[in-house]
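The values are calculated or read from the model by the stated rules, or taken from the named source; none is laboratory data. Every value quoted in this text rests on a predicted model; they were computed, and no experiment measured them. Cβ coordinates were reconstructed from backbone atoms using ideal geometry, including for glycine residues, and neighbour counts include every protein chain displayed. Note: areas computed on protein heavy atoms with side chains; ligands, DNA, RNA excluded. Shrake-Rupley method; radii C 1.70, N 1.55, O 1.52, S 1.80 Å.
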Amino acid sequence: MRTLLTALAATWLVGIAAVGAATPAAAADDGNLRMEADVTYELQPDAERVHVTVEMRLTNLVADYIRSDGATVYTVYESVSVPVPAEATNIVAGRVGGGSLATFGDEMDDPRWTVLGVDLSPDLRYGSPQTIELSYDLPDQPPRSDGLVRASPAYTLFPIYPMGDPEHATITVRVPDAFEQLEVVGSYMRRSVADGFITYSNDGVEEDFYATLAARNDELLAEREISSGSHTFVLRYTPGDEEWADFAEDVVSRGVGLLEQAIGEPWPGDADMAIIESSSPHAYGYAGWFDSEANAIEVGDQLDTFTMLHELAHAWFNHDTMSERWLREGLADLYADRAANRMKGFTPQVDAGPSDADETVVLSDWDDSSVGARPIDEYGYETSWWAMDRIYADIGAEAMTAVLAAAFDRKIPYASADGDREELRGPVDWRRMLDLLEEAGGSEAALTVYEELVLDADDMDRVAERDEARAVYDDLLHRADGWGAPYELRQTMATWSFTRVDDLVAESDRILTVRDDVLAALAALGVDELPALADEYQASERLDETIELSRQYADTTELIEVAQQRPDGVAGALTAIGTTIVPTEHAVTDAAVLVAGGELDEARTVSQAIIDHVDDAPMFGGIVLGQVVLCLSLVPFIVRARLRGQRGEPPAPDQESAEVTGAPAGSVG
């Protein structure tokens, strides 16, 4: 939304004239004239006007008196004056039960208003109250004119103001019930429906009363469909106001693409968006607004490029994406300005700068409850833009695009070691935006801007807690040596749950200590990283479970160490002989590789097989040694037999000739 209108005060203007028998009396003090007034506004859309009738009961409260010289002094009121819109016509005044009264007009400082005076005849004296009637019309004013009143069948806007002393005034507003969109904005008025009219009334108007009526009949609006890139928009506007429609088509058709380029994100809307020429925002004091539920933008009849781009930017910056008003409005202003500056034929009229508004508020407290409170809103809009402009100048377009991408996708500010950001539910508030600006955008100015413009004392205490937690967090990142921080800790930092940070850092350190011990133990086997454990650590939502996993890494590594050292640590010739049958060094290396890949069960299986093999080595060594000894014991016999065969001697009686000569069993010779 953009602030536009200045609220009107219900100011009473009373023309006072005093005459005496000998010399003029001093002007009457406040409270010397009582004015009771009943004001009725009736919207007559077919005649394109608002008809106003006023009944005023006037009482002079200044009594006549006799001076010391015997002269009678009396005070009279020759006229009474009230403010009316400058476009008022068909003015008629008269006394109830009497003749017509002359009227006159005087200028006011605000050219949109004039002083309407009624000459009293006779003059108003003490003890002689008068009741007068005043009526006038407020005709429909052309679009973009200085007049305050719009009164067509499709589009209506007019101010409602009382006449009469506080607590002695009533107001009634009558509107045909044909209008689909109808509201009275400002001071409270009762609503009732009867006889084809919607009636608003207030029987005890207070001193600061002011209201505005806004009405629209959507069925009577003209329509035009336009496109920007692949997106379609429907313009809905006052019949005959083709100038506004041409303007809106030009800005939308060019501006949407420029906003996409500046923000770095495609247009987020799926369904066709309606852009409506509407009086409702003006009733609240705004040039326009974005309605995400209705997927519509409503703007006034002014040809305001910046406002149109600002409202289009709210397709990105709205309640669904940003929970705080200063973020939504500051970013919408920032990017509307950047898009407008790229638009050919547009000359910027304002720049971001510090506000000089009379009333201020820390931006984190500037919320929707202040809608329509002009001084606060004026400060909020100007200062939000100023804050965002300073941050943008600090980090630049590319970094801001990265920040916004993370914000729109609801990503966690604290990235994993490989730069991934998990989803974090909920729209962005000032806390998450501060973290994103620093973590994703690298901003060095954001915190200073926050301290100067955004935060109150309690907020600053929370920032101090965050600073302490970030110091602990940063120390962990240094110790992690490329492993970053686990998700549970990063989520805790992102949700500002700082009381848990120390415990989670301590748990993270336990895992990192196991990592270092495991890598030291497996270094000789060629393992210098543990990618599977690193992934588990970074994605961990429950560090207690990851600690248990790290213990399994430690236990498996100890088993590998046992398997690696066992062959060299078991004494005895039989063991040495047994372990030479199946080499173990290659199997131990395989187990270490399995650990690095997180395949702990397989690594334990390989390691245990090595250990079991070593434990069985004496038995295998004995078997091998027995076979060797047996073979060696047969060597002499075999040698003698061969020698005898060469001399022709018969084999020894206890040897079968088949074993020596290969002859059939039982043969001789």
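At q = 0.17, 0.19, 0.20, 0.23 Å⁻¹ the log10 of I(q)/I(0) for region 44-96 amounts to -0.76, -0.86, -0.91, -1.05, computed by Debye summation with a single uniform scatterer per C-alpha, solvent ignored. Solvent-free Debye calculation, one equal scatterer per alpha-carbon of region 413-531: log10 I(q)/I(0) at 0.14 Å⁻¹ equals -0.65. When region 295-336 is described by a simple charge dipole with +1 on each Lys and Arg Cβ and -1 on each Asp and Glu Cβ, the residue from ALA296, ALA332, THR307 located farthest towards its positive end is ALA332.
For region 37-182, give the percent of accessible area contributed by carbon and sulfur heavy atoms, probe 1.4 Å, rounded to a whole number.
Numbers: 2880 of 6260 Å².
So the carbon and sulfur contribution to the accessible surface is 46 percent.
Accessible area per residue for region 144-267, computed on protein heavy atoms with a 1.4 Å probe, is 42 Å².
Sorted by accessible area (1.4 Å probe), largest first, how do GLU378, GLU277 line up?
On the way: GLU378 55, GLU277 0 Å².
Ranked list, largest accessible area first: GLU378, GLU277.
Note on region 83-180: dipole from Cβ charges, positive end direction compared against PRO162, SER145, VAL173; the farthest Cα belongs to VAL173. Distant-in-sequence amide contacts of SER443, defined by a placed amide H-H separation under 5 Å and a gap of 5 or more residues or a different chain, comprise GLU438.
Expressed as a fraction of 2.2 N^0.38 Å, the value expected for a compact globular protein of N residues, the C-alpha radius of gyration of region 46-179 is 1.29. Per q in 0.27 Å⁻¹, report the Debye log10 I(q)/I(0) for region 206-279, using one uniform scatterer on each alpha carbon and no solvent. Rounded to two decimals, the profile gives -1.24. Residues in region 319-405 average 44 Å² of solvent-accessible surface per residue, probe 1.4 Å, ligands and nucleic acids excluded.
Calculated from the alpha-carbon coordinates, region 165-228 shows an Rg and a Dmax of 15.9, 55 Å respectively. Among GLN130, GLY186, PHE209, whose Cα projects farthest towards the positive end of the dipole of region 118-221, with charges put on the beta-carbon of Lys, Arg (+1) and Asp, Glu (-1)? Checking the options against the dipole of region 118-221, the answer is GLY186.
Grab the beta carbon distance between ASP368 and ARG479, set R0 = 45 Å, and tell me the FRET efficiency rounded to 0.05. It comes out at approximately 0.50. Counting only protein heavy atoms, what percent of the accessible surface of region 245-299 is carbon or sulfur at a 1.4 Å probe? Summing carbon and sulfur atoms, their accessible area is 43 percent of the total for region 245-299. Once divided by 2.2 N^0.38 Å, the Cα radius of gyration of region 125-209 becomes 1.31. Probe radius 1.4 Å, ligands and nucleic acids ignored: give me the carbon and sulfur share of the accessible area of region 305-395 as a rounded percent. On region 305-395, the fraction of accessible area on carbon and sulfur atoms equals 43 percent.
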